[in-house]
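Contents: one structure, followed by commentary.
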Amino acid sequence: MLDAELAGDVRAQTLTFKNIVRLERGDIQRLLRGVSPAILGIALKGAPGVVLETVRNNISDQNL
């Protein structure tokens, strides 16, 4: 099944909020600089507490 294989490949290469807690602090900060606060707020709705804490600890004051 090509579709199942492709889906697996896409899943393996997709960065999710679950993955963000594994990134280095500097990488998280670079990633968050490119996201508008409004979009980030919507995207984080319902995210696990550890993800919210990681984002809060790495977001710059100008993005709050």
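The values are calculated or read from the model by the stated rules, or taken from the named source; none is laboratory data. Just so it is clear, the model here is predicted, and its values are computed rather than measured. In this analysis, Cβ positions are derived from the backbone assuming ideal geometry, glycine residues included, and neighbour counts consider all displayed protein chains. Just so you know, the surface numbers come from the protein's heavy atoms only, side chains and all, with ligands and any DNA or RNA stripped out. Shrake-Rupley method; radii C 1.70, N 1.55, O 1.52, S 1.80 Å.
Quick one: would you say Val55 is outside any helix (DSSP H, G or I), out of contact with any strand residue (DSSP E or B) (no Cβ under 6 Å at 6 or more places or on another chain) and open to solvent by less than 70 Å² (accessible area, probe 1.4 Å)? Steps first, answer last, please.
Working: outside any helix (DSSP H, G or I): no; out of contact with any strand residue (DSSP E or B) (no Cβ under 6 Å at 6 or more places or on another chain): yes; open to solvent by less than 70 Å² (accessible area, probe 1.4 Å): yes.
When the stated conditions are applied, Val55 does not pass them.
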Index of the failed condition, Arg22 passing every other in (1) in contact with a helix residue (DSSP H, G or I) (Cβ under 7 Å, 6 or more places away or on another chain); (2) part of a loop (DSSP other than H, G, I, E, B): (1)
Scope the range 9-20; condition surrounded by fewer than 12 Cβ atoms within 10 Å (Cβ to Cβ) and of a type outside the set (D, E, K, R); matching residues: Val10, Ala12, Gln13, Thr14, Leu15, Thr16, Asn19
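Just to check your reading of the model, which residue among Leu31, Leu6, Leu23, Leu40 is open to solvent by less than 50 Å² (accessible area, probe 1.4 Å) and of a type in the set (A, V, I, L, M)? Write out each step before concluding.
Values: Leu31 fails: open to solvent by less than 50 Å² (accessible area, probe 1.4 Å); Leu6 fails: open to solvent by less than 50 Å² (accessible area, probe 1.4 Å); Leu23 fails: open to solvent by less than 50 Å² (accessible area, probe 1.4 Å).
Only one candidate passes the filter, namely Leu40.
Test Gln29 against the stated conditions and say whether it is of a type outside the set (D, E, K, R) and more than 11 Å from the chain's Cα centre (by Cα).
Details: of a type outside the set (D, E, K, R): yes; more than 11 Å from the chain's Cα centre (by Cα): no.
Criteria not met by Gln29.
Quick one: which residue in Val10, Val50 is of a type in the set (A, V, I, L, M, F, W, C) and either in contact (Cβ under 8 Å) with a residue 24 or more places away in the chain or in a loop (DSSP other than H, G, I, E, B) (or both)? Reasoning before the result, please.
Working: Val10 fails: either in contact (Cβ under 8 Å) with a residue 24 or more places away in the chain or in a loop (DSSP other than H, G, I, E, B) (or both).
The unique qualifying residue is Val50.
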Conditions (1) among the charged types (D, E, K, R); (2) assigned to a loop (DSSP other than H, G, I, E, B); (3) surrounded by 12 or more Cβ atoms within 10 Å (Cβ to Cβ); number of the one not met by Lys45: (3)
